[in-house]
Amino acid sequence: MRRAVAEAGSQDKDRNFVTALARGLDILRCFGPSDEYLGNAELAKRTNIPRPTVSRMTATLTQLGYLRYVPQLEKYRLGPGVLDLGYRYLASEGVRDLARPFMQELADATDCMVAIGAPDGAQVTYIQVCQGNGPLVLRLNVGSRVPMGTSALGRAFLAALPAAEREPYYEMIRAHHPDDWAAIEKGLQRAYEEYDEYGFCTSDGEWNRDVSGVAVPLILDGGAQVVPFNCGGSSLRLSRRTLIENLGPRLKEVVGQVGQMVQGRAS
């Protein structure tokens, strides 16, 4: 009887175990600081997965954004999809809860929306939102998305990344907005100049003509993790001067306070 139960449990486990998914994760685990670029042959050897299967999986993972193919080397490297998962995990595991009281205080004081975002390909997804009480407060919710290249939130995220790590996001933005890329690229360069000067990025009616905002990246682990915060609302009441002289410095202070708490919690 016990043997029959054990065999039944093993069969149930086998039915619930998705081998293709496990193999795909095994491929992603092969990449590390000393193995930034790997080809199909190397991946097949490390995982003991047949090379034709590895080729199909790397092609699929590339289409989904979890790997990036480098034609010059004929090898793959981790793509932004993997990084996006890491940013989401970090934000959901503590930053959101620690930040919320500070965010709500700023939202109440400014009658603006204050939010945290996580990169999602060519977009940024809101993962925490605090609303002010004014009639012209921007009403977006957790799960709402804004464009990476033209929103303050996306620009602040990209501004905090090393230049080499921005390129995969550029590729996705170009793919989604091929006709607008030239204008988006100019806007990003202006945003990087803002970030160098002020420590934050703005978007003044650029992704939506009725919306203006400012964003500040929270940089953790020496730059290994970037979590962008923004503060924004109706462009009717938020002039560029207000963004630069008022909201930007206040949001920087909030992000600085959250950063200190995150570091204190980790130590």
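With axes computed from alpha carbons, what is the tilt in degrees of helix 2-16 against the longest principal axis of the chain, rounded to the nearest 10 within 0 to 90?
For helix 2-16, the angle is close to 50 degrees.
Is it possible to state the helix-based mean residue ellipticity at 222 nm for the chain, with each DSSP H run of 4+ residues giving -39500 (n - 2.57), the sum divided by total residues, to the nearest 500 deg cm²/dmol? What is it?
-16000 deg cm²/dmol
Using only Cα atoms, find the angle between the long axis of helix 163-176 and the longest principal axis of the chain, and express it within 0 to 90 degrees, rounded to the nearest 10.
For helix 163-176, the angle is close to 90 degrees.
Trypsin sites (Lys or Arg not before Pro) within region 174-247: which are DSSP loop residues with at most 10 other Cβ atoms inside 10 Å? Before the final figure, lay out each step's value.
Numbers: sites: Arg174, Lys186, Arg190, Arg209, Arg237, Arg240, Arg241; in loops: Arg209, Arg237.
Loop-located and lightly packed - Arg209.
What are the extents of the Cα atoms of region 82-266 along their three principal axes, listed from largest to smallest and rounded to whole Å?
40, 39, 31
Let me check against my output: what whole-number percent is the relative contact order of the chain, with C-alpha pairs under 8 Å and at least 6 apart?
Relative contact order of the chain: 14 percent.
Treating the angle as unsigned and between 0 and 90°, give the value, to the nearest 10°, between the Cα long axis of helix 80-90 and the longest Cα principal axis of the chain.
So the inclination is approximately 70 degrees.
Each reported figure results from applying straightforward, stated rules to the coordinates on display, with no laboratory input. Note that the coordinates shown come from a computational prediction; the quantities given were computed from them, not determined experimentally. Methodologically, a virtual Cβ is constructed for each residue, glycine included, from the backbone with ideal geometry; neighbour enumeration extends over all protein chains shown.
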